[in-house]
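Student: Below: one structure in structure tokens.
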Amino acid sequence: MDYELLANQIITLIGGLQNIDQVWNCTTRLRFKLNDNSLIQDQKIQNLTGVLGTQMRNDQYQIIIGNEVAEVEKIFEQKMSSTNTKTKPTMAKKTFPQKEGLFNQVIDVISGIFTPILPAIIGAGMMKCILSILTLIHAVSPQSGVYLVFFMISDAAFYFLPFLIAVSASRRFHLNEFIGLSAAGVLLYPTLINGAAKHLAPMNFLGLKIPYLGYSSSVIPIILVIWLMSYVYKYVDKYMPKVFRFILTPVITMIITIPIGLFALAPLGNYLGMLLSSILDWLFTYAGPLAGFLLAAFNPLIVMTGMHYAIMPIAIQNLARTGYDNFWLPFALISNVAQAGALLALGIKFKKAEEKSIAFSTSASAILGVTEPGLFGVTLKLKKPLYAVMLAGGIGGLIGVLLGVRTYSFSAPNILILPTYIAPNGSMKGLIAIVVAIIISFILAFTFTFFLKIDTLDATSVSENEKDESENENTIETEKAGSSEEIYSPVTGNLQDIKTVPDDTFADEIIGQGVAIKPTEGKIFAPFDGEITMTFRTKHALAFTSKNGIEVLVHVGIDTVELNGEGFNLLKHKGDQVKKGEPVLEFDPDFIAKKGYELITPVVIANYKKFAKINKLLDQKTVNPQQVIMKIDL
């Protein structure tokens, strides 16, 4: 996979870098918080090579990539770090207000906070697994130095979890990370930890009774404290004279926030966590088999919606309070193994070598805890195998509850972490329960799927019209091989090398290869016969696609998005067919210049890597819509 090409294509189809407020990744998907969701060209993104699927969940636009998602996300980090967009998210939010329900906001926050810290948590969980194996086979003694060091490695991320959450929550709430870490340090300060252990009476702080509570391994308290702190910091900083901000804003923020946090928010978070664990205990005591069936059966849907990131903190809270989790982790593992069983059956049933390869590889991935490639790429498309997975997983979950399944450490749900189901006292009950449950779910999912009437992945997931379109595209590709297409100037002005553009995103050709034109007239014309495939709400840029699939972005001026459409008048709109030289946009050069914006206009080939060569005709000093500025070797 060409990670940079895929990233560039996605950037173009989600409205450009300036439309990205936040981007991060989980195990298999890119997650975007965009300023204007209307700019997303979802169908084209789904058709990109390397994209398994897309979805909009909790105001996040999610693109499922698979196991290589981290490599694609690195490209986004590089591109965004090289672009000065510090003020754009704020302005964009004013321009594109979006209403979110409270539930969606909570899910969005939890996902954004927990995704970045998963490597540390999962790494610690795997270390606990290794330590369990070493202890079980008597390779190390619990009194040895090796055991103690490995135990510290496995336990630190969970004991000091508020520190990890503080950093991630500070980023999510746009607070200085080190101030957030200081707040976590207060919650984990020995005075509170020791006071809680000794059950001391609450301390008196200016009449407020602050309880001694142990916040190690806690989740909700630090999130609430950082949330409050972010608002206090912004308010104080807004009204603090600039000369005193560096010195006084942090200390005033801490003085206001920490006592409120210790008196109200942190205890509230602690009690909420305990209440949630108590409710789960009650649920599994009085309706355990039904709960196990539903959790394992619906886990694929939970994964599809991204809700599993909201469930993870509950599992961690369970582990911190009771020492084990019987709420989500076991049932996620049972469901993942069922997914692997169905995919293995499909691999045997499929006749095409390529389809067999997809099914077998995604089956192995599911066994190792990553189900999205198989879920989005195979079972969801075929539908019937997904139903088989849900039924088999539900039966496995029911059996797991009846046998008393429990895990004693948090880790990614895959078969490598089976030793975490061994109790600290050596009891094998949890391990036996999970092994029996996953074997049954695997066999059932395999059997159900094997006897389903499914011959091929393509026949179910590709319509006849899509097949015809694909064949037509192949014919076009054959016809255009060895030929070229001319790109005409979209504006009258002075032709320049794109490296002269005062914006690194364009100058370094991050978005695509092309040229720049300093306009002398205020009108944009179509650079070829084709279609307008993108218009920005702020009217400052357009994207065109030719009949040969060449994608050209014309961006009038630099940072002109901040004008919010003032000085621009669209003559054509997204989806309109245009002829070469046809007027599509008018703009007022004098108005834009008076507002202090640079008028230089980049003209770039966004999908340049698809073509043999981009020939830039830079020997011309002035150009107009009747002159060719680039020739593309197809």
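Student: Considering only segment 552-559, I want to know if a residue exists there that is surrounded by 21 or more Cβ atoms within 10 Å (Cβ to Cβ) and in a loop (DSSP other than H, G, I, E, B).
Tutor: Yes, that holds for at least one residue.
Student: Answer with yes or no whether Gly214 is in a loop (DSSP other than H, G, I, E, B), surrounded by 13 or more Cβ atoms within 10 Å (Cβ to Cβ) and without any contact (Cβ under 8 Å) to a residue 24 or more places away in the chain.
Tutor: yes
Student: Same structure, new question: Please state which of the following conditions Ile358 fails to meet, knowing it meets all the rest: (1) hydrophobic (A, V, I, L, M, F, W, C); (2) within 25 Å of the chain's Cα centre (by Cα); (3) modelled with pLDDT of 85 or more.
Tutor: For Ile358, the failing item is (3).
Student: Residue check: is Ala166 out of contact with any His (no Cβ under 6 Å at 6 or more places or on another chain) and either closer than 27 Å to Val236 by Cβ or in contact (Cβ under 8 Å) with a residue 60 or more places away in the chain (or both)?
Tutor: yes
Student: I'd like to know if segment 193-207 contains one or more residues that are in a helix (DSSP H, G or I), of a type in the set (Val, Ile, Thr) and in contact (Cβ under 8 Å) with a residue 24 or more places away in the chain.
Tutor: No, every residue in segment 193-207 fails to be in a helix (DSSP H, G or I), of a type in the set (Val, Ile, Thr) and in contact (Cβ under 8 Å) with a residue 24 or more places away in the chain.
Student: Still on this structure, please answer the following. Does Ala183 satisfy the condition of being in the same structural domain as Gly261 (by TED's automatic domain parsing), touching a residue at least 60 places away in the same chain (Cβ under 8 Å) and not charged (D, E, K, R)?
Tutor: In short, yes.
Student: Right, here's the next one. In segment 147-172, how many residues are not in a helix (DSSP H, G or I) and not hydrophobic (A, V, I, L, M, F, W, C)?
Tutor: 0
Student: Among the residues of segment 530-553, how many are free of Cβ contacts under 8 Å to residues at least 40 places away in the same chain and among the aliphatic types (A, V, I, L, M)?
Tutor: Here the count works out to 0.
Student: Report the residue count in segment 10-65 for those that are assigned to a loop (DSSP other than H, G, I, E, B) and at pLDDT 85 or above.
Tutor: The number of residues fulfilling the criteria is 7.
Student: Assuming Ala287 fulfils every condition listed in (1) touching a helix residue (DSSP H, G or I) at 6+ places or on another chain (Cβ under 9 Å); (2) exposed (fewer than 14 other Cβ atoms within 10 Å of the Cβ); (3) hydrophobic (A, V, I, L, M, F, W, C) apart from one, which condition is it?
Tutor: The number of the failed condition is (1).
Student: On to the next question. Go over the candidates Val578, Val603, Val623 one by one and state the one that is at pLDDT 90 or above, over 19 Å from Glu531 (Cα atoms) and surrounded by 20 or more Cβ atoms within 10 Å (Cβ to Cβ).
Tutor: So the residue among Val578, Val603, Val623 that is at pLDDT 90 or above, over 19 Å from Glu531 (Cα atoms) and surrounded by 20 or more Cβ atoms within 10 Å (Cβ to Cβ) is Val623.
Student: Same structure again: Residue check: is Phe528 at pLDDT 90 or above, in contact with a Gly (Cβ under 7 Å, 6 or more places away or on another chain), outside any helix (DSSP H, G or I) and within 27 Å of Asn47 (Cα to Cα)?
Tutor: no
Student: Mind checking whether some residue in segment 370-390 is in contact (Cβ under 8 Å) with a residue 12 or more places away in the chain, crowded, with 19+ Cβ neighbours inside 10 Å, part of a loop (DSSP other than H, G, I, E, B) and of a type in the set (Gly, Ala, Ser)?
Tutor: Looking for residues that are in contact (Cβ under 8 Å) with a residue 12 or more places away in the chain, crowded, with 19+ Cβ neighbours inside 10 Å, part of a loop (DSSP other than H, G, I, E, B) and of a type in the set (Gly, Ala, Ser), one finds none in segment 370-390, hence no.
Residue by residue, here is whether (1) under 20 Å from Leu187 (Cα atoms); (2) among the polar types (S, T, N, Q) holds:
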| residue | (1), (2) |
| --- | --- |
| Leu134 | no, no |
| Ile137 | no, no |
| Ser141 | no, yes |
| Gly145 | no, no |
| Phe151 | no, no |
| Ser154 | no, yes |
| Pro162 | yes, no |
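Student: If we scan segment 402-420, do we find a residue that is out of contact with any helix residue (DSSP H, G or I) (no Cβ under 8 Å at 6 or more places or on another chain), modelled with pLDDT of 85 or more and either in a loop (DSSP other than H, G, I, E, B) or surrounded by fewer than 15 Cβ atoms within 10 Å (Cβ to Cβ) (or both)?
Tutor: no
Student: Answer yes or no as to whether Ile592 is within 21 Å of Phe506 (Cα to Cα), free of Cβ contacts under 8 Å to residues at least 40 places away in the same chain, of a type outside the set (S, T, N, Q) and surrounded by 14 or more Cβ atoms within 10 Å (Cβ to Cβ).
Tutor: yes
Student: Does Lys539 qualify as being under 25 Å from Leu6 (Cα atoms) and either in a helix (DSSP H, G or I) or basic (Lys, Arg) (or both)?
Tutor: Against the criterion (under 25 Å from Leu6 (Cα atoms) and either in a helix (DSSP H, G or I) or basic (Lys, Arg) (or both)), Lys539 does not qualify.
Student: Quick one: count up the residues across segment 323-350 that are farther than 17 Å from Lys381 by Cα and either β-branched (Val, Ile, Thr) or not in a helix (DSSP H, G or I) (or both).
Tutor: The total comes to 9.
Student: Among the candidates Ala166, Ala201, Ala196, which residue alone is surrounded by fewer than 22 Cβ atoms within 10 Å (Cβ to Cβ) and touching a Leu at 6+ places or on another chain (Cβ under 6 Å)?
Tutor: Ala196 is the lone residue from the list that is surrounded by fewer than 22 Cβ atoms within 10 Å (Cβ to Cβ) and touching a Leu at 6+ places or on another chain (Cβ under 6 Å).
Student: Moving on. Just for segment 606-620: of the residues that are of a type outside the set (Lys, Arg) and within 16 Å of Asp497 (Cα to Cα), which one is surrounded by the most Cβ atoms within 10 Å (Cβ to Cβ)?
Tutor: Result: Ile614.
Student: Please enumerate the residues belonging to segment 308-324 that are crowded, with 18+ Cβ neighbours inside 10 Å, of a type outside the set (Ser, Thr, Tyr) and touching a residue at least 60 places away in the same chain (Cβ under 8 Å).
Tutor: Within segment 308-324, Ala310, Met312, Pro313, Ala315, Ile316, Gln317, Leu319, Ala320 meet the criteria.
Student: Would it be correct to say that Pro527 is in contact (Cβ under 8 Å) with a residue 24 or more places away in the chain, touching a His at 6+ places or on another chain (Cβ under 6 Å), under 19 Å from Lys621 (Cα atoms) and not basic (Lys, Arg)?
Tutor: no
Student: If you don't mind, there's one more thing I want to ask. Can you tell me which of (1) in contact with an Asp or Glu (Cβ under 8 Å, 6 or more places away or on another chain); (2) outside any strand (DSSP E or B); (3) over 29 Å from Gly575 (Cα atoms) is the one Glu71 doesn't meet?
Tutor: With respect to (1) in contact with an Asp or Glu (Cβ under 8 Å, 6 or more places away or on another chain); (2) outside any strand (DSSP E or B); (3) over 29 Å from Gly575 (Cα atoms), Glu71 is out only on (1).
The values are calculated or read from the model by the stated rules, or taken from the named source; none is laboratory data. This is a predicted model, so every value here is computed, not measured. Backbone-built Cβ (ideal geometry, glycine too); neighbour counts: all protein chains shown.
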